[in-house]
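Values in this text are rule-based calculations from the coordinates and carry no lab data. Please read these numbers as outputs of a predicted model, since none were measured by experiment. Cβ: placed from backbone, ideal geometry, glycine included. Neighbour counts: every protein chain shown.
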Amino acid sequence: MAVPAFAVYSFLYLYPAIQNLAYSFERWDGVTKPEFVGLHNFTYLATNDDLFRKIVGNNIRFTLLVVIFQTAFSLLFATFLLKNTKTTIFLRVIYFFPTILSSVSVGLIWTFLYNPNFGFLNASLKAIGLDSFALNWLGDTKYSLYAIAVTQVWFHTGQMVIIYVAGLQQIPADLYEAAEVDGATRWQQFKNITWPMALPTTAVVVAYTTIQSFRAFDLVYSMTQGGPLNSSDLIVTSIYNTAFSSFKYGYASAQSIVLIVVVLLVTWLQRRTLRIDYGVK
Amino acid sequence: MLYKATKNILLTAFALAVIVPSSIVVLGSFKKDVEIYTKPLALPKSWSLENFRNLIHTGNVFTPFKNSVIVAVFSVFFTLLFASLAAYAISRMTTVTGRFLFILFSLGLAIPGQVNIIPIYHLFVKLHLTNSLLGLILVNIALTLPISIFILTSFFKDIPKEMYEVAGIDGAGHLRIYRSIALPLSRPAMGATGIFLFVICWNDLLYPLMLITQLDKKTLPLTLIDFRGEFATSYSMLFTAIMVASVPMVVMYIAMQRSFVAGLTAGAVKG
């Protein structure tokens, strides 16, 4: 009964993944015969390719920002929206709404909001007299990556709120009641009950957000295409461009192997830290 | 007091952050460009459907809409079918094979689907599956199988063994048990997974971008990307196209809110 799934999966997932590994040891423009170059692609990536190093740096910065802010916001909002009342349910529905939009739509909507000339963001800033803060958000190498990170957080916070609400609702209410009797402040309750009890959920949220940020492509492609001057280029956009604009397929495959390694490494590290944290408390 | 005030301000701020951009798009699809630039949040002077009419005439959204529906519906159907069959088999097998299959499919969760773009592209060029909706459907099935099998296996494992055993005594074969016990019992899980898959397939950009160049085979996200270039200065058309592309999702979200939220969060938690 598992045959159809096994067939499709082996042929269109496992086999390409193995082939991808093979490509990464080759130099290949897609037209002439591929040439085996051993580890050359990887050594070049590591030692000579300043652009790729910059892009990996971009992606790490992007991931850090998104993980920190998205997790913080969603935990905060989930503590606010924990009880099931009409208002909280309504707000959860609103917050979740961006999740159902396509990333291309989200990217294009935010391109409008960020537009330096007639965009909503700058118009609002000017309206309240903050003219000097009305910047060229997507067109300036200093801000483009952060502008996309903000969009990403806007896009997925609602989904994480729902995950946190489900997790926090598992915490027994009498813990809070007991704490209140003992005169614990809100902050103490959060620090000593909510945070440690929510750690398994935090692990899920952080892991998911991290992988999502390393896989990010659509927003960048629809907002800046990695520009200006690669300031918002991420690993997947780089793989795409290296393969389908520069036609260096082997080199692009090597980049995608780097992506797999980075993702596995980061998830492994996170699992370790979050689990140890949990054990101590 | 201070806590309550901060809480309300923050909650309202994020709600507005979602509502304001969405309203700009909805209102903008009824406006002319000038109105969008000068008064993005004001109600349109007249609720004219001109943008929609223009879009149908010049932009040709009908074909990409149809393509997106075909790709999403077939991808979801076959993924659910293959995944539920495999998940049923895995959940019922006590042998090493079951364990092996589960680990094999879980490997797909560790390898991001995006890294396969290059080999898939070359494979599909060879098989003449570029510029083909069938090609997109096959890619979608392959990419979403691991997560679907993961979600459904954990669900099938929760069905009490006795249910299966009784059917087995009555002489029902595996296919029969799958069809008349496992499937009906797992309807909520299948529904939630289906919605999760539908959203992924409906919104995917990377694979269509790479595999589809022919105009009559493009899906909605690709068309939106084209619009950005074509109507670089016309946000009214762009917003209208975004409306058209989002309507099915919004309707489904409103109609099946619970399964929607359940599906999309299960995808995240289990993945």
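Legend: ranking of residues B:204, A:182 from fewest to most surrounding C-beta atoms inside 10 Å; resulting order A:182, B:204. Find the centroid of the Cα atoms in segment B:195-213 and in segment A:115-192, then give the distance between the two in whole Å. Their Cα centres are 28 Å away from one another.
Order the peptides A:52-58, B:135-141 from the highest to the lowest mean number of other Cβ atoms within 10 Å of their residues. Working shown, then result.
On the way: A:52-58: 18.1, B:135-141: 25.0.
Highest mean packing first, the order is B:135-141, A:52-58.
Take each uninterrupted DSSP H stretch in chain A, measure its Cα extent along the helix axis, and return the ones at 24 Å or beyond whose mean Kyte-Doolittle hydropathy is at least -1.0.
Values: long enough: A:50-80 (45 Å, 1.14); A:144-168 (35 Å, 1.25); A:249-280 (47 Å, 0.90).
Qualifying helices: A:50-80, A:144-168, A:249-280.
So for chain B, Kirkwood radius off the Cα pairs, Stokes-Einstein at 25 °C and 0.890 mPa s: how many µm² s⁻¹?
Estimated diffusion coefficient is 114 µm²/s.
The tail of the calculated P(r) for the protein assembly as shown, taken as Cα-Cα distances beyond 41 Å, holds 25 percent of the pairs.
Segment A:1-75 and segment B:114-153 have their alpha-carbon centroids 16 Å apart. By the count of neighbouring beta-carbon atoms within 10 Å, fewest first, A:145, A:274 end up ordered A:274, A:145.
Axis of helix B:220-230 versus longest Cα principal axis of chain B: the two differ by about 30°, to the nearest ten degrees. Seen from residue A:189, the other residues with C-beta closer than 13 Å to its C-beta sum to a net charge of -2, counting Lys and Arg as +1 and Asp and Glu as -1. From the alpha carbon centroid of segment A:198-277 to that of segment B:77-98 is 30 Å. Sorted ascending by nearby beta carbons within 10 Å, beginning with the fewest, A:29, A:131 become A:131, A:29. Mean partner shielding of peptide B:152-160, defined as the number of other chain Cβ atoms within 10 Å of each residue Cβ, is 0.
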